[in-house]
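The values are calculated or read from the model by the stated rules, or taken from the named source; none is laboratory data. Keep in mind the model is a prediction, meaning the values are calculated, not measured. Ideal geometry is used to build each Cβ from the backbone, glycine not excepted, and the neighbour counts take in all protein chains shown. Please note that ligands, DNA and RNA were not included when accessible areas were found on the heavy atoms of the full protein model with its side chains. Shrake-Rupley method; radii C 1.70, N 1.55, O 1.52, S 1.80 Å.
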Amino acid sequence: MIKFKLNFNFKLNLWNQGLVYCGLFLSLSACTTSSTVSPQQTETPTTNPDKIVEVIPTFEAKLVNEKGGYYCSDGQTAFGPVTQKMIKKCVDWGGGSACNNTYWSETLFLKAYGNGQCPDGSRLNSVTGYCVEGQNAIGPFPQQLVTACSNADGGNSCKSHRWNTRLLYNLLRNEELIKAPETPPQFVLLAFDGSSSLEAWNKSRKFAKTLEQKGINLRFTYFISAVYFVNNENRKLYDAPAGKGRGRSAIGWGGSADDIQKRLEQVNLVYLEGHEIASHAVGHFNGNNWSEADWKKEFEYFDKFIFDAYKINGLTGRLAFERSAIEGFRAPELGTGPGLFRTLEKQGFRYDTSRTNQANYWPQKQNGVWNFPLASITTALTKKSLLSMDYNFYYLHSKAKSNPSNAKYYEEDMFKSYMNYFEKNYKGNRAPLHIGHHFSAWNNGAYWNALFRFAEAVCGQPDVQCVTYRELADFMDMLTPTQIAAYQKGSFPKVIADKSPQTNPVKVEEIQPELCQVSEPIGNQTKQQKLTPISRLNNGVLD
């Protein structure tokens, strides 16, 4: 998938206070392929029937759909890269091992691609403008970046269609195609732990849609617990780390297969509506003393119970996302330790939300992942210090025991506390706000009510971005340590942008699409080894 041609109103004006989106106005300038690409081959009239004459086809850039993006095609064949989700579709349709080819028939490619801006199984990184799958950005990439990559001794990989996102960020910065805003947006991160209650899934989704109808963008991050996707009869599949015992969980299990089917439907809907799914481990045990091996075991169980959920529970269906979509983690009971921090990056996580810090803390990378901590704040009415999480209010207010008679007072205390937290940061150094809630309606729903009131009060304000944690990580990946240090000090103009849409303040000459080129003939294939682009599937779905 090639660079999108985006307007500056994308995602409700993200980064509208000065982030120079030069790169977003680059279209495809050259489709190149690396040595992983197998060229089309034709037989030559010769006495040697096994000899193959390699013909380098000419590929041109084509628009994927009305939502944008290009791919390289010779009229019949499309070059990838294809995502894991697309490959699974291909296999389901009867494509077999040919689904792993590096080029497909154009018909198959477009059908498996899906209807979105990005190929199915990937998402748009709104900072770079490229689709990403896990830690990889999906091309093809414009010639300007390919040349920059080659100049940086990137070798043949520069001509591939899949780059590490860290490489892409560095090249975009060096080429001055992206630039951090002088005054950062005010990020607000609203997240839920849990995932059992169907009512809570529906209620949170409905609220986000209600705000969207009012022109307010809000996306939640959901940290899900994997035991809720294992039915009660299969609980023995889980042998909890550190000797906790087989079939044990601190929070129960998923109920019946029908319960899990409905829960999986909610997870898919949440993902498709633009929210984020992240990990809250499996059995909700405090792992502060767990070893690296314990955490590795826990994360392996998480992957099994989530991504094999349909199979384990005897259900039909499939998740709308792949493992690469799980980018963040929050430890149960915030139970962390050296074993966890040595494991996170190895398990493919980009960020962790298990620590705590001061309310005005700008994130730093620790142990290779972004540290997005809950904040230490002071309550507005009770004047107590606690973390920016609903359970802490619940414990402070009523010792974690239901007291609905004081629900209005509890709601007001939380709402005003969150507003104070917001105002100090919004008018201060703009450090991101981190607020965590659960799928529990404690004290007659006081804390859900306060959260929704707070979100509606702040998410539509100028410069405010109520986004997912992975979107915050996208923004942080763009910054240098010097820029983060300047934000921490509040060394930027304290200007609040107008609410109206902004245009790009920098004029960028658009690079027009040119022909996609295969860089060189690859391999010495024999007649018996000749590869054919996927063009017909045995179940007749595509022709």
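Sort out which residues of the stretch 401-437 are among the hydroxyl-bearing types (Ser, Thr, Tyr) and surrounded by fewer than 16 Cβ atoms within 10 Å (Cβ to Cβ), and write them in order of number.
Hits for the stretch 401-437 are Ser402, Ser405, Tyr409.
Is the stretch 222-237 home to any residue that is touching a Leu at 6+ places or on another chain (Cβ under 8 Å), part of a loop (DSSP other than H, G, I, E, B), open to solvent by less than 40 Å² (accessible area, probe 1.4 Å) and among the aliphatic types (A, V, I, L, M)?
yes
Looking at Ser196, is it open to solvent by 10 Å² or more (accessible area, probe 1.4 Å) and within 20 Å of Phe329 (Cα to Cα)?
Yes, satisfied.
Regarding Thr378, is this residue assigned by the TED database to the domain that holds Ala431, at pLDDT below 95 and of a type in the set (S, T, N, Q)?
When the stated conditions are applied, Thr378 does not pass them.
Tally up the residues in the stretch 281-314 that are closer than 16 Å to Ala242 by Cα and of a type in the set (A, V, I, L, M), please.
Summing the residues that are closer than 16 Å to Ala242 by Cα and of a type in the set (A, V, I, L, M) in the stretch 281-314 gives 3.
What's the number of the only condition in (1) in contact (Cβ under 8 Å) with a residue 40 or more places away in the chain; (2) not in a strand (DSSP E or B); (3) not acidic (Asp, Glu) that Val188 fails to meet?
For Val188, the exception is condition (2).
Going through the stretch 238-272 one residue at a time, which ones are under 23 Å from Val467 (Cα atoms) and open to solvent by 60 Å² or more (accessible area, probe 1.4 Å)?
Result: Glu265, Leu269, Leu272.
Quick one: how many residues across the stretch 131-163 are closer than 17 Å to Cys72 by Cα, open to solvent by 60 Å² or more (accessible area, probe 1.4 Å) and modelled with pLDDT of 85 or more?
The number of residues fulfilling the criteria is 2.
Examine the stretch 203-215 for a residue that is of a type outside the set (A, V, I, L, M, F, W, C), touching a residue at least 24 places away in the same chain (Cβ under 8 Å) and in a strand (DSSP E or B), and state whether such a residue exists.
no
Please specify each residue of the stretch 76-104 satisfying the condition of being farther than 19 Å from Glu133 by Cα, touching a Pro at 6+ places or on another chain (Cβ under 9 Å) and open to solvent by 20 Å² or more (accessible area, probe 1.4 Å).
Gln76, Ala98
Give me the strands (runs of 3 or more DSSP E) completely within the stretch 319-398, filtered to those with at least 2 residues that are open to solvent by 20 Å² or more (accessible area, probe 1.4 Å) and within 25 Å of Lys424 (Cα to Cα), ordered by residue number.
356-358, 374-378, 385-387
Given the conditions (1) open to solvent by less than 10 Å² (accessible area, probe 1.4 Å); (2) assigned by the TED database to the domain that holds Met419, report the number of the one that Pro181 does not fulfil.
Every condition holds for Pro181 apart from (2).
Can you tell me which residue within the stretch 59-75, out of those that are closer than 17 Å to Ser105 by Cβ and either among the aliphatic types (A, V, I, L, M) or open to solvent by 40 Å² or more (accessible area, probe 1.4 Å) (or both), is modelled with the highest pLDDT?
Taking the candidates together, the pick is Val64.
Only one of these is modelled with pLDDT of 95 or more and surrounded by fewer than 18 Cβ atoms within 10 Å (Cβ to Cβ): Asp303, Asp294. Name it.
Asp303
Tell me, yes or no, whether the stretch 463-474 has at least one residue that is among the acidic types (Asp, Glu), more than 30 Å from Asn136 (Cα to Cα) and open to solvent by 10 Å² or more (accessible area, probe 1.4 Å).
There is no residue in the stretch 463-474 that is among the acidic types (Asp, Glu), more than 30 Å from Asn136 (Cα to Cα) and open to solvent by 10 Å² or more (accessible area, probe 1.4 Å).
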